[in-house]
Ligand code: AMP
């Protein structure tokens with residue numbers, strides 16, 4: 001699947017749609033999901049243009065994979081949900097419910113951040 005730069009997260013990353021980032025570094029931004037499915041529901045979105053997890057693993061180098069995954073755990077720590085527990089969900093493909101064709105990691109916790 002070719003990357004579609006009109007997707008909503010690409011627009012958020014370009015600043016065309018406003019969003020409050022709760023975390024940002026060279027690799028990712030993180031913001032609250034607009035339709036939360038748990039008391040805490042945050043999205044960690046890599047800055048580079050990957051359609052999904054498979055695309056990421058095919059194109060990203062080991063350094064970027066390390067930093068993106070480390071950032072998922074950093075955001076969970078910042079949200080203070082590590083002790084309570086949290087889930088990381090990555091939907092791959094429309095058949096799995098992926099609505100936005102730009103790689104993102106859902107952080108979901110039953111504890112309110
Ligand atoms: P997925 O179904 O895995 O592609 O997840 C996409 C997620 O993005 C859904 O949980 C949506 O609620 C969320 N979403 C869509 N648009 C926005 C937005 N503008 N700001 C925050 N979250 C969004």
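Quick one: is residue 76 farther than 20 Å from residue 1 by Cβ, crowded, with 16+ Cβ neighbours inside 10 Å, touching a strand residue (DSSP E or B) at 6+ places or on another chain (Cβ under 7 Å) and in contact (Cβ under 8 Å) with a residue 12 or more places away in the chain? Here the answer is yes, as residue 76 does meet what is asked. Looking only at region 79-92, filter to residues that are in contact with a helix residue (DSSP H, G or I) (Cβ under 8 Å, 6 or more places away or on another chain) and free of Cβ contacts under 8 Å to residues at least 24 places away in the same chain; which one of those is nearest to the ligand (Cβ to nearest atom)? So the residue we want is 88.
In region 99-112, the qualifying residues are those that are surrounded by 20 or more Cβ atoms within 10 Å (Cβ to Cβ) and within 8 Å of the ligand (Cβ to nearest atom), and the one that is farthest from residue 33 (Cα to Cα) is 101. Scanning region 82-113 for residues that are within 19 Å of residue 60 (Cβ to Cβ) and part of a loop (DSSP other than H, G, I, E, B) yields a count of 10.
Residues that are modelled with pLDDT of 95 or more, farther than 14 Å from residue 28 by Cβ and either more than 10 Å from the ligand (Cβ to nearest atom) or outside any loop (DSSP other than H, G, I, E, B) (or both) do not occur anywhere in region 65-75. Within region 26-61, the set of residues being in contact (Cβ under 8 Å) with a residue 40 or more places away in the chain, away from the ligand (no atom under 12 Å from the Cβ) and more than 24 Å from residue 84 (Cβ to Cβ) comprises 26, 27, 46, 49, 50, 55, 56. For residue 9, are the conditions met, namely being within 13 Å of the chain's Cα centre (by Cα) and either at pLDDT below 95 or within 18 Å of residue 112 (Cβ to Cβ) (or both)? It is false that residue 9 is within 13 Å of the chain's Cα centre (by Cα) and either at pLDDT below 95 or within 18 Å of residue 112 (Cβ to Cβ) (or both). Of the residues that make up region 19-40, is at least one surrounded by fewer than 12 Cβ atoms within 10 Å (Cβ to Cβ), part of a loop (DSSP other than H, G, I, E, B), modelled with pLDDT under 95 and out of contact with any helix residue (DSSP H, G or I) (no Cβ under 9 Å at 6 or more places or on another chain)? The answer is no, given that none of the residues of region 19-40 is surrounded by fewer than 12 Cβ atoms within 10 Å (Cβ to Cβ), part of a loop (DSSP other than H, G, I, E, B), modelled with pLDDT under 95 and out of contact with any helix residue (DSSP H, G or I) (no Cβ under 9 Å at 6 or more places or on another chain).
Do we have residue 15 as under 24 Å from residue 2 (Cα atoms), outside any loop (DSSP other than H, G, I, E, B) and within 15 Å of the ligand (Cβ to nearest atom) here? So residue 15 fails the test. When residue 6 is tested against (1) surrounded by 15 or more Cβ atoms within 10 Å (Cβ to Cβ); (2) in a loop (DSSP other than H, G, I, E, B), exactly one condition is not met: (1).
Of the residues in region 84-95, at least one is more than 18 Å from residue 112 (Cα to Cα) and exposed (fewer than 13 other Cβ atoms within 10 Å of the Cβ). May I ask you to verify whether residue 96 is over 11 Å from the mean Cα position of the chain (by Cα) and more than 9 Å from the ligand (Cβ to nearest atom)? Criteria not met by residue 96.
The values are calculated or read from the model by the stated rules, or taken from the named source; none is laboratory data. Everything numeric in this text was worked out from a predicted model, so none of it was measured. Cβ atoms come from the backbone with ideal geometry, glycine included; neighbour counts cover every protein chain shown.
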